[in-house]
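Comments concern the structure below.
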Amino acid sequence: MSGETKLGLSNKNEIASVGIIGLGYVGLPTAIGFLDAGFNVWGVDVSERVVEIINRGENPTGDPEINDIIPKPGTKNWNITTDTREAVENCEILLVTVPTPVTPDLKPDLKYVISAGENIFKCISSNSGKIVVLESTVYPGVTAQSWLPLIEKYGLKEGVDVHIAYCPERFNPGDEANGVRKVARVIGSLNKEVGEKLVSIYSKLTVGRVDYVGKIEVAEAAKVIENVQRDINIALVNELARIFPALNIDIEDVLNAAATKWNFHGYTPGVGVGGHCIPVDPYYMIQRAEQVGIPAELISAARAVNRTMPLHVFSVLKEILYTNEVPANNSNVLLLGWSYKAEVRDHRETPAEHLALALNESNVNISVWDPHLENDVYPEYVNVIDDINAAEGFDLVVLVTGHSACIDIDWGNLFTRMRKPLIYDGRRVLDIKKLDEIGWKTYAIGKP
Ligand SMILES: NC(=O)c1ccc[n+]([C@@H]2O[C@H](COP(=O)([O-])OP(=O)(O)OC[C@H]3O[C@@H](n4cnc5c(N)ncnc54)[C@H](O)[C@@H]3O)[C@@H](O)[C@H]2O)c1
């Protein structure tokens with residue numbers, strides 16, 4: 001096969017130029033990683049705003065980890081553009097890191113994967129040997145189903161004129177230890193030689209292991225099930241956090257007791273899951289299973305539990321207000337944290353928004369303090385608190401995101417400024433005993 005297959009560069013020559021299509025949370029750090037690894041980088045984004053910001057040497061994403069490493073204007077081998085053609089013409093390898101959201105009816109939305117493919121394949125000429133790699137999270141089959149028809153449309157032949165492959169991004173934004181230059185990678189390709197070529201390229205990007213795993217669908221499935229597994233594990237602990245209080249048992253006591261066994265996996269209950277991956281990716285797997293007539297019952301049930309956690313917490317909060325004689329329509333509730341997980345600036349799919357929406361529909365006055373976010377990210381019905389030390393007049397404080405800044409606020413001080421000193425720990429991260437001593441009336445997720 002190697003004699004027949006033309007790849008962009010032979011093994012003797014170093015592949016020097018990599019194009020990254022889509023410069024968001026995943027694509028931008030990937031582009032910077034390849035630049036650091038000595039590659040000539042062509043980064044493309046359809047958004048003129050994104051390109052303009054990066055070309056100023058600034059960070060258009062919400063990931064503060066990369067604030068200080070955006071290349072300065074004029075950096076050698078750093079080319080950022082809105083024109084996919086420039087990247088295709090200059091690069092042997094093109095990596096596609098575009099969004100893969102779901103539609104409002106929770107079906108995979110592949111329009112970005114298809115439009116990025118269209119922009120690339122229409123610029124590729126016959127016998128180019130270029131390799132186009134999808135990195136976005138998808139269900140098994142998407143790369144071939146989305147791109148082979150486009151390759152054909154532009155008169156090209158896969159394996160002859162162009163090669164396709166899949167290498168999922170697995171890094172964790174905001175998590176230095178699992179960054180783009182450290183995380184292990186898996187590569188799927190129709191062609192072993194292409195797979196091995198990509199192993200050698202990605203091995204320059206990351207110090208983690210890089211494996212060619214065979215079929216594209218294997219690599220696609222490996223990525224999506226990582227997030228499915230996480231969703232299921234979190235759903236289990238969230239479901240238990242609903243059941244145990246009704247049995248007059250504190251879930252934290254149960255989890256601590258269970259954790260003494262060697263093979264128990266610890267998860268903490270919470271207001272819900274958020275971000276671009278866990279609340280989204282399982283729907284890709286559900287859809288694919290549906291297509292082949294096999295119901296993904298466990299995956300769907302886990303989704304239902306996690307999706308409804310904000311509403312569960314809302315009903316508990318309403319009960320707390322009621323039992324403490326605070327009418328919902330004359331209550332002031334302070335949410336601590338808005339981003340979807342601790343210490344990140346990412347608020348996409350945050351469960352805080354679903355919780356706030358439900359509270360707002362009950363005419364609760366909602367204020368939010370999140371020191372990681374700018375004031376313009378909130379819905380208009382939310383009152384944004386700038387200075388937590390001056391905040392006052394609340395009936396209930398709800399810890400929504402476990403930012404250390406939220407955990408470490410001056411609880412004694414805030415206590416003196418409450419109208420009613422009620423607190424609900426939605427992440428089980430607060431020192432309940434200490435709060436009780438100050439005089440707070442404490443409630444927590446999974447606690448009777
Ligand atoms: N964010 C994460 O933590 C994470 C981690 C691993 C994998 N992923 C997956 O990576 C993919 C990208 O996610 P993200 O968080 O970086 O998305 P993002 O929304 O932050 O960035 C995507 C970028 O692609 C651009 N874009 C859209 N269509 C384009 C096109 N045709 N050509 C060029 N640019 C285009 C958008 O303007 C945007 O800037 C998704 O499939 C996601 O599931 C995300």
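A count restricted to the range 144-167 and to residues that are away from the ligand (no atom under 16 Å from the Cβ) and more than 23 Å from GLU89 (Cα to Cα) stands at 0. If only residues of the range 196-229 that are hydroxyl-bearing (Ser, Thr, Tyr) and not in a loop (DSSP other than H, G, I, E, B) are counted, the one that is farthest from ILE299 (Cα to Cα) is SER200. Counting only residues that are surrounded by fewer than 15 Cβ atoms within 10 Å (Cβ to Cβ) and either among the small types (Gly, Ala, Ser) or in a loop (DSSP other than H, G, I, E, B) (or both), the range 78-87 holds 2 of them.
Applying the set (1) under 30 Å from GLU176 (Cα atoms); (2) free of Cβ contacts under 8 Å to residues at least 60 places away in the same chain; (3) part of a loop (DSSP other than H, G, I, E, B) to GLU353 leaves exactly one unmet item: (3).
Which residue out of ILE294, ILE278 is assigned to a loop (DSSP other than H, G, I, E, B), under 23 Å from THR103 (Cα atoms) and away from the ligand (no atom under 16 Å from the Cβ)?
None of the others qualify; the one that does is ILE294.
Condition check: in a loop (DSSP other than H, G, I, E, B) and modelled with pLDDT under 95. Does ASN67 satisfy that? Considered against the rule, which asks whether it is in a loop (DSSP other than H, G, I, E, B) and modelled with pLDDT under 95, ASN67 comes out as no.
When PRO379 is tested against (1) under 24 Å from the mean Cα position of the chain (by Cα); (2) assigned to a loop (DSSP other than H, G, I, E, B); (3) under 29 Å from ILE251 (Cα atoms), exactly one condition is not met: (3). Considering the range 168-189, the residues that are away from the ligand (no atom under 11 Å from the Cβ) and modelled with pLDDT of 95 or more include one that is surrounded by the fewest Cβ atoms within 10 Å (Cβ to Cβ), namely ALA184. Scanning the range 142-161 for residues being touching a residue at least 24 places away in the same chain (Cβ under 8 Å) and either in a helix (DSSP H, G or I) or hydrophobic (A, V, I, L, M, F, W, C) (or both) gives a total of 10.
Among the numbered conditions (1) touching a residue at least 12 places away in the same chain (Cβ under 8 Å); (2) within 25 Å of the chain's Cα centre (by Cα), the only one that ASP250 does not meet is (2).
Residues being in contact (Cβ under 8 Å) with a residue 40 or more places away in the chain and within 15 Å of the ligand (Cβ to nearest atom) are entirely absent from the range 49-58.
Scanning the range 8-28 for residues that are surrounded by 22 or more Cβ atoms within 10 Å (Cβ to Cβ) and modelled with pLDDT under 95 gives TYR25, VAL26. In the set (1) buried (at least 23 other Cβ atoms within 10 Å of the Cβ); (2) within 16 Å of the ligand (Cβ to nearest atom), the condition left unmet by LYS107 is number (1). Within the range 200-213, is there a residue that is out of contact with any strand residue (DSSP E or B) (no Cβ under 6 Å at 6 or more places or on another chain) and farther than 17 Å from PHE34 by Cα? No: the range 200-213 contains no residue that is out of contact with any strand residue (DSSP E or B) (no Cβ under 6 Å at 6 or more places or on another chain) and farther than 17 Å from PHE34 by Cα. Per the conditions (1) surrounded by fewer than 19 Cβ atoms within 10 Å (Cβ to Cβ); (2) within 16 Å of the ligand (Cβ to nearest atom); (3) assigned to a helix (DSSP H, G or I), the sole criterion not satisfied by ARG303 is (1). The residue of the range 401-446 that is surrounded by the most Cβ atoms within 10 Å (Cβ to Cβ), among those that are under 20 Å from ASN256 (Cα atoms) and among the acidic types (Asp, Glu), is ASP425.
Just so you know, in the range 354-371 the residues that are touching a Phe, Trp or Tyr at 6+ places or on another chain (Cβ under 8 Å) and closer than 24 Å to PRO60 by Cα include one that is surrounded by the most Cβ atoms within 10 Å (Cβ to Cβ), and it is ASP370.
Taking the range 114-143 as the range and being under 14 Å from THR84 (Cα atoms), of a type in the set (A, V, I, L, M, F, W, C) and more than 8 Å from the ligand (Cβ to nearest atom) as the test, the residues that pass are ILE114, ILE120, PHE121, CYS123, ILE124, VAL132.
The values are calculated or read from the model by the stated rules, or taken from the named source; none is laboratory data. This structure is a prediction, so every number in the text was calculated from the model and none was measured. Note that we place each Cβ from the backbone using ideal geometry, even for glycine, and neighbour counts take in every protein chain shown.
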